[in-house]
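Enquirer: Quick one: this structure, given as structure tokens, is what I'll be asking you about.
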Amino acid sequence: MMTRKPERSDMNKKNIDKVSLKKMFSNNIFAVKLLFESTPIYGTSIIIEAIRHNLINFLEQTVLVYYILNTIEKRGRFVDVLKFILIFIAADILAAVISNMYEQFIKLKYQPIAQKNLKLRLYEKAKGVDISCYDNSDYYNDFVLAVSEADRALERAENLLRQVFGSITILLCYGLFFITQDILSILFVALSFAVRTVILNILNKLNYRFRLEENKLQRKRDYIRRVFYLKDYAKEIRLNKSVTRKLHDEFREVNEDIYKLNKEYGVKRFLANLSARYISTDFFLDIIYVIYLVIKAGLYKLLSFSSVVTLYNSAANLRRGLSTVVDIGPFMIETSLYIEKIRQFLNHSNEIKDSREYEMPKEPAVLECRNVSFGYDKEKMVLKNVNITVNPYEKVALVGYNGAGKTTLIKLILRLYDPTGGTILLNGIDIRKYDLQEYRRYLGIVFQDFKIFAADIGENVVMDIVDENRSGHIVNALHKSGFDDKLKLLRDGIRTGLTREFRYDGTDLSGGEAQKLAIARIFYKDAHFALLDEPSSALDPISEYQLNQSMYNAAYDKSVIFISHRLSTTRRADRIYMMENGTIIEQGTHDELLKLKGKYYEMWDAQAGRYKEMYVS
Ligand code: ADP
């Protein structure tokens, strides 16, 4: 039976309604805290600037005007007016100096610092979140939104401070002035409130909903864009031109969707924008207000001439102050929705928990997977009751066709995921009871899809900034992984810059060279346990043979688990585990498995032609 998928707008509505008042306040406070934690000086200076700006406006446009008119009306002394004006000029100059200092020194310097600090915090968090988060598209969406909205979140916190402290200053100054002059005037000014609040609320929610839906489509469009311009895809595209046909279709589709979305929201946004801008303008209210003032002053003589002019003159300012107060509500709702993503991301707590119950062993120890089961999602188990043991210094191979679960098992051993059932033990102790960082330091890994970073060779081996005193260790590690031949050809040795991301003269390594470089990381790290996922897949058979020889020799002091499609590399393994559909179906040495005439034999037979002559032990 078909079930109705929830409508997008239903879901968003639910989302928006869920933002309770408490959450809205706490999210906004969180945003301001983010700003202050990044740069307290900048936060404080925004507050001072907001007060200064509004106070000086009040003094100039209201107090000064009123004083001059009142003195003239009461036939006061010209010298007093002049003195007053001179004091004002001095105050104005001082305010201009403060304002310039803020704009030219503080804002220019500290705004980028605040933005940088927040991004570093997000990247730092991203570095530590469970890898499973990347499999969850909702989480990934939130992460993308959190990073892409980071600058905007800070800008929102800045604006919030400006609005709050600006409006407090305006309300205090003009409020007092109006109360002392004519309290009824406040009613007139207050009229614009309700209208503006309602309209702005609608507008903000509409904009947010639109952006949320647009963001999903933009991600798709960005992916297609990346495929066309990133080097990673260039080769495949040239070789499989038809791939682009599909992408073109997708691109057309996503553009159409964006167009539809724009159309869907266009009229609503246009109307809401128009009303926000024009219906609640000062124009209507000014006419009513001026009539009221004239009647009160002209007919009833209840107001002086100077009060009428100054009140009329100040009404727009008070209205601005009040509408800023009104704007704060919707602004905070919208900020809260943006901040919620960042907050959720920063507060995300990992499922892979840290524990320091046991000390890590100091040398290779027994690693055992006992009845290990695992599924990326609970419905589909990718590993089912896997049992393997790796004794100290053993070289164990995992073989099997694509999708058998080999890489997944390696990921569990690395604790990128924890098993759904069963246990992985090191030295007889559940690996969850070790300190996660120490445990991962104990292991060295080369993934099938390892990455070479835009840094020099040395840094790519160390995976950190190179300590000059350890250059010898780097060269030694590169020697063990068989990278020597290439290294000798490079003028700058381990200082040779890789990739052309940051350097025009960066060196690009071949697939095999890059793989050897990645393997050198394990030797440098001096890990007790090496995990190699297809370590020689990018090599030609001769290089593969050589790498295997040197690997076996160089890894004499380590336990090793390696995954291989090519059974030529598994011949020397102490034990081979053959996997199929997430289970171990055969195990033993190469010769034992051949004698078994099972799946391993079948695989070997299919591949042997290519290698038979080469490997005569
Ligand atoms: P192998 O290394 O033997 O080729 P894998 O461990 O990569 O196999 O994959 C085992 C199964 O798990 C496959 O069916 C694969 O599609 C699935 N799988 C791998 N990674 C993920 C993931 N991140 N999310 C969901 N399924 C995955």
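The values are calculated or read from the model by the stated rules, or taken from the named source; none is laboratory data. These figures come from a predicted structure and were not determined experimentally. Counting neighbours? That spans all protein chains shown, and the Cβs are built from the backbone with ideal geometry, glycine included.
Enquirer: Just a yes or no: is a residue in the range 372-391 over 30 Å from Leu160 (Cβ atoms), among the aromatic types (Phe, Trp, Tyr) and within 16 Å of the ligand (Cβ to nearest atom)?
Expert: The answer is yes; a qualifying residue exists.
Enquirer: For the range 340-359, does any single residue satisfy the condition of being more than 36 Å from the chain's Cα centre (by Cα) and either part of a loop (DSSP other than H, G, I, E, B) or farther than 30 Å from Leu200 by Cβ (or both)?
Expert: No, because not a single residue in the range 340-359 is more than 36 Å from the chain's Cα centre (by Cα) and either part of a loop (DSSP other than H, G, I, E, B) or farther than 30 Å from Leu200 by Cβ (or both).
Enquirer: Sort out which residues of the range 573-586 are within 16 Å of the ligand (Cβ to nearest atom) and either crowded, with 16+ Cβ neighbours inside 10 Å or of a type in the set (A, V, I, L, M, F, W, C) (or both), and write them in order of number.
Expert: Across the range 573-586, the qualifying residues are Ile576, Tyr577, Met578, Met579, Gly582, Thr583, Ile584, Ile585, Glu586.
Enquirer: Now for a separate question. Hey, among the residues in the range 552-568 that are touching a Gly at 6+ places or on another chain (Cβ under 9 Å) and under 30 Å from Glu602 (Cβ atoms), which one's surrounded by the most Cβ atoms within 10 Å (Cβ to Cβ)?
Expert: Ile563
Enquirer: Can you confirm whether Tyr434 is within 26 Å of Ala126 (Cα to Cα) and either small (Gly, Ala, Ser) or surrounded by fewer than 21 Cβ atoms within 10 Å (Cβ to Cβ) (or both)?
Expert: no
Enquirer: Also, quick follow-up: Among what's in the range 360-382 and is within 30 Å of the chain's Cα centre (by Cα) and part of a strand (DSSP E or B), pick the residue that is modelled with the lowest pLDDT.
Expert: Among those that are within 30 Å of the chain's Cα centre (by Cα) and part of a strand (DSSP E or B), it is Asp377.
Enquirer: Shifting gears a bit: Does the range 395-406 contain at least one residue that is assigned to a helix (DSSP H, G or I) and within 13 Å of the ligand (Cβ to nearest atom)?
Expert: Yes.
Listed here are the residues, each with its yes/no results for (1) in contact with a His (Cβ under 7 Å, 6 or more places away or on another chain); (2) under 26 Å from Leu206 (Cα atoms); (3) modelled with pLDDT under 85.
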| position | (1), (2), (3) |
| --- | --- |
| Leu230 | no, no, yes |
| Asp257 | no, yes, no |
| Ile287 | no, no, yes |
| Ile291 | no, no, no |
| Leu303 | no, no, no |
| Ser323 | no, yes, yes |
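Okay, residues lined up against (1) over 30 Å from Ala150 (Cβ atoms); (2) at pLDDT 90 or above; (3) surrounded by fewer than 14 Cβ atoms within 10 Å (Cβ to Cβ):
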{"residue": "Lys5", "(1), (2), (3)": "yes, no, yes"}
{"residue": "Leu21", "(1), (2), (3)": "no, no, yes"}
{"residue": "Phe36", "(1), (2), (3)": "no, yes, no"}
{"residue": "Ile46", "(1), (2), (3)": "no, yes, no"}
{"residue": "Val63", "(1), (2), (3)": "yes, yes, no"}
{"residue": "Lys74", "(1), (2), (3)": "yes, no, yes"}
{"residue": "Arg77", "(1), (2), (3)": "yes, no, yes"}
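Enquirer: If you scan the range 439-449, which residues turn out to be in contact with a helix residue (DSSP H, G or I) (Cβ under 8 Å, 6 or more places away or on another chain), under 17 Å from Asp533 (Cβ atoms) and more than 16 Å from the ligand (Cβ to nearest atom)?
Expert: The answer is Leu443, Gly444.
Yes/no per residue for (1) closer than 22 Å to Pro364 by Cβ; (2) in a loop (DSSP other than H, G, I, E, B):
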| residue | (1), (2) |
| --- | --- |
| Arg440 | yes, no |
| Gly444 | yes, no |
| Gln448 | no, yes |
| Ile452 | no, yes |
| Asn460 | no, no |
| Val466 | no, yes |
| His473 | yes, no |
| Ala477 | yes, no |
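Let's see how each residue does on (1) touching a residue at least 24 places away in the same chain (Cβ under 8 Å); (2) of a type outside the set (Val, Ile, Thr); (3) closer than 30 Å to Leu346 by Cβ:
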| position | (1), (2), (3) |
| --- | --- |
| Leu86 | no, yes, no |
| Leu120 | no, yes, yes |
| Asp138 | no, yes, yes |
| Asp142 | yes, yes, yes |
| Ala157 | yes, yes, yes |
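Enquirer: I would also like to ask the following. Taking only pairs six or more apart or across chains, which ones have beta-carbon atoms under 7 Å, a first residue in the range 466-484 that is on the phi < 0 side of the Ramachandran plot and surrounded by fewer than 20 Cβ atoms within 10 Å (Cβ to Cβ), and a second residue that is modelled with pLDDT of 85 or more and among the charged types (D, E, K, R)?
Expert: Every condition considered, the pairs that remain are Val466/Glu459.
Enquirer: Right, something else. Would you confirm, using the coordinates I've provided, whether Ile98 is assigned by TED's automatic domain parsing to the domain that holds Glu155 and in contact (Cβ under 8 Å) with a residue 40 or more places away in the chain?
Expert: yes
Enquirer: Is it the case that the range 424-434 has a residue that's farther than 24 Å from Gly512 by Cα and either in contact with a His (Cβ under 6 Å, 6 or more places away or on another chain) or within 13 Å of the ligand (Cβ to nearest atom) (or both)?
Expert: Checking the range 424-434: not a single residue is farther than 24 Å from Gly512 by Cα and either in contact with a His (Cβ under 6 Å, 6 or more places away or on another chain) or within 13 Å of the ligand (Cβ to nearest atom) (or both).
One line per residue, one yes/no per condition, for (1) of a type in the set (Ser, Thr, Tyr); (2) within 16 Å of the ligand (Cβ to nearest atom); (3) surrounded by fewer than 16 Cβ atoms within 10 Å (Cβ to Cβ); (4) within 19 Å of Ser38 (Cβ to Cβ):
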site	(1), (2), (3), (4)
Lys125	no, no, no, yes
Cys133	no, yes, no, no
Asp142	no, no, no, no
Arg152	no, no, yes, yes
Leu161	no, no, no, yes
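Enquirer: Of the numbered conditions (1) away from the ligand (no atom under 16 Å from the Cβ); (2) part of a strand (DSSP E or B), Phe331 fails exactly one; give the number of that condition.
Expert: Among (1) away from the ligand (no atom under 16 Å from the Cβ); (2) part of a strand (DSSP E or B), Phe331 violates only (2).
Enquirer: Kindly provide the set of residues from the range 492-527 that are over 19 Å from Val560 (Cβ atoms), more than 29 Å from the chain's Cα centre (by Cα) and either in a helix (DSSP H, G or I) or of a type in the set (S, T, N, Q) (or both), ordered by number.
Expert: Gly493, Ile494, Arg495, Thr496, Thr507, Ser510, Gly511, Gly512, Glu513, listed by residue number.
Enquirer: While we're looking at this one, here's another question. Going through the range 64-79 one residue at a time, which ones are within 26 Å of Leu172 (Cβ to Cβ) and in contact with a Ser or Thr (Cβ under 9 Å, 6 or more places away or on another chain)?
Expert: The answer is Val65, Tyr66, Tyr67, Ile68, Leu69, Asn70, Thr71.
Enquirer: Let me ask something else about it. Read through the list (1) within 15 Å of the ligand (Cβ to nearest atom); (2) in contact with a Leu (Cβ under 7 Å, 6 or more places away or on another chain), then give the number of the only condition that Ile452 fails.
Expert: Going through (1) within 15 Å of the ligand (Cβ to nearest atom); (2) in contact with a Leu (Cβ under 7 Å, 6 or more places away or on another chain) one by one, Ile452 breaks only (1).
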